[in-house]
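To keep things clear, I will list the structure first and then write my remarks on it.
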Amino acid sequence: MAIIPALISSVAPKIVGAITDAVSKPPERLGKDDFLKLLVAQLRNQNPLNPLQNDQFIQQSAQFSSLEELQNIRKGVEGLSAGGAQALGSAAALLGRPVVATAGRFDYQGSPVTLPFTLAAPVAEAVVEVTDASGAVVSRQSLGARPAGQHSAVFTPPSGRILPGGEYRYRIVSMEGGRSTPLAAVAGSVSGITLSGGQPVLQVGPVTVSLADVTTIGAPTN
């Protein structure tokens, strides 16, 4: 059985050499490329009389796949964090400023919700339109004629309909002349800023407003 020691003596230096090449100049952490190099070196230099078992190979392949997925997730999170931090920093300048937007967001959990709005001019026929997270209209409530100024509407699901709890979006629409015209009617001062999906969301009174829906930004009030 002298052949086995001879094989070990001839194979061992190759494995050691491959490992030494991979880690002689170690990066800050071993990445998926290093893992793959070590796996290939192991396959090339395995003992032909005692090769790598199928379950061992499958386990190491699964570890490689997991490492790759984790690194991809980490890169995505780092990119999101960097972009979100920059967006949040830019939006911070809006704190304390009055803003006007075309839509607001609110959380519905089964109880009536008061939706504030401000009209810059009288409206002969106003409607509050509520949509769900997919953008589907779940409620259209007629408000009739409204003068300029601050107003509010109370949202409850249409009769006979049960809505799941969650976030909804509302806007005020003018139906004058038979045409549906969204109004910039969600107004107030920005009291807080958060991130949702990597985008800044402004706290305006009891509702939240997406930065993309803001049409007017006023001077600081303090």
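Computed from the coordinates by the stated procedures, all read-outs in this text should not be read as laboratory data. All values reported here derive from a predicted model rather than from experimental measurement.
Put simply, the C-alpha atoms of the range 152-208 give a gyration tensor, and the ellipsoid matching it has half-axes of 24, 19, 11 Å, longest first. Taking a ≥ b ≥ c as the square roots of the Cα gyration tensor eigenvalues, the range 103-222 comes out oblate, since a/c reaches at least 1.5 and a/b does not exceed b/c.
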